[in-house]
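See below for the structure under consideration.
Every number here is computed from the coordinates shown, using simple stated rules; none is lab data. Predicted, not measured: the structure shown is a model, and the values here were computed from it. Virtual Cβ from ideal backbone geometry, glycine too; neighbours counted across all protein chains shown.
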Amino acid sequence: MSDKSCPIGGKRKFDVGGQAVLEGVMMRSPNATAVTVRRPDGTMVTKLTPFVPMKEKHPWMGKPFLRGIVNMCTMLYYGMNTLSDATKMLGILDEEPTKFEKWLAKKLGKGVDKIVMAVAIVLAVALSLGLFMALPAGLESVLKSSGMGPVGYTLLGGLLKIALLMGYMFLVSFVPDIRRTFQYHGAEHKSVHCQESGLPLTPENAQTFSRLHPRCGTAFLLIVFSISILLFLVLNLLVPISNFFLRFLFHLAMLPVVAGVSYEVLMGLAHSDSRIARILRIPGMQLQRLTTREPDASMLECAIVSVNVVLNGFPEGTPKTPEGWGIFKSYEESEPGYVRTAALPEEGPALPEA
């Protein structure tokens, strides 16, 4: 596939979304993803990955409510792959493995990076299930056993989920690498705002926009928790469950339903300019203040490069790494139609006259 075969054809309007990664930004269009990271030497490298949307392979996956479930699963998959790609692109996995890492890789027959990523996924899932499902379910069971009614223990269990989410976001923001990632998150939002406005995509223009965006995953999480409170309130009134394990399994089984409904609510609020929609967007927008920070110009450049590449492909003549990643020294080099001028050869010593 040539560099210019990835742009979206026609003038069909679509949403461009993204994800902050370690020292960079991933942007996603309907048919490609572009991950850009800034290396310690100051250069930016970009990986462009075309793909075919699941709803084009299986049209039923694009139906309302089902598409939210599909989107949640695919974003988890692509999200973990993107984090792995960004780490490789930075070159921080090129260090010599320790003896233990070599032994582990030999025993399991896999690379150290794959082992580390697999362990990280397992721990992340276990932590999420424990904090946001098992703990609230346990609180609800205790409150129910003490005689509290369904309305009371459902609301308190739901509020505990939201409190845990906010507390987790607040605490991790003190980790230096996470704080920088939150700055790249802000750069992602500002660049998307700028692209949607139709203004030239420059760091100066992007910096004038808000770091908060209505389609952010942070807002989606708050909607998920809010929808789950309402859904479980109705279900607890109809089918009260006292046993902790049954309640936990019930919450787990209802997660796809909650995700499907929440996705439709998020998209509806994000694409509506009514007064009610603007009011309902406020909590999710304000929660983003915990997961975004004001970016600097270099971070905005990374986000802009990802937007340009995911929408237009690599400009002709873009230098590549052996892995096929584009190399950029400035965001201008990623702009569509950018003409790269060949470097003039250095002057050698004067030749003697014949």
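List the pairs from Lys63/Lys329; Lys88/Lys190; Lys57/Lys329; Lys57/Lys161; Lys55/Lys144; Lys63/Lys144 whose alpha-carbon separation is above 32 Å, in the order I gave them. Distance filter (> 32 Å) returns Lys63/Lys329; Lys57/Lys329; Lys57/Lys161; Lys55/Lys144; Lys63/Lys144. Proximity of backbone amide H atoms, modeled 1.01 Å from N, is registered between Val21 and Met26 at under 5 Å, excluding neighbours fewer than 5 places apart on the same chain. The string of couplings for segment 265-274 from the Karplus curve (6.51, -1.76, 1.60, θ = phi - 60°) is 5, 4, 5, x, 5, 5, 9, 10, 10, 6 Hz, one whole number per residue in order, with x for Gly and Pro. The phi-based Karplus calculation (6.51 cos²θ - 1.76 cosθ + 1.60; θ = phi - 60°) puts the 3J(HN,Hα) values of segment 53-63 at x, 4, 5, 7, 6, 9, x, 5, 6, x, 6 Hz, whole numbers, x for Gly and Pro.
Extension gain for the segment Arg179 to Thr74, taken as residue separation times 0.36 nm less the Cα-Cα distance, is 35.2 nm to one decimal. When the Cα positions of Ala259, Thr154, Leu66 are compared along the charge dipole of segment 17-334, Thr154 comes out farthest toward the positive end, with charges on each C-beta of Lys, Arg, Asp and Glu.
Per-residue Cβ neighbour counts within 10 Å put Trp60, Trp325 in the sequence Trp60, Trp325, beginning with the fewest. Rounded to the nearest 20, the size of the Cβ-charge dipole of segment 17-334 about its Cα centre is 920 debye, with Lys and Arg at +1 and Asp and Glu at -1.
When the square roots of the Cα gyration tensor eigenvalues are ordered a ≥ b ≥ c, the ratio a/c for segment 248-302 is 1.5 or more and a/b does not exceed b/c, which makes its shape oblate. Can you give me the C-alpha center-to-center distance between segment 246-279 and segment 163-227, rounded to a whole angstrom? So the separation of the two Cα centres works out to 19 Å.
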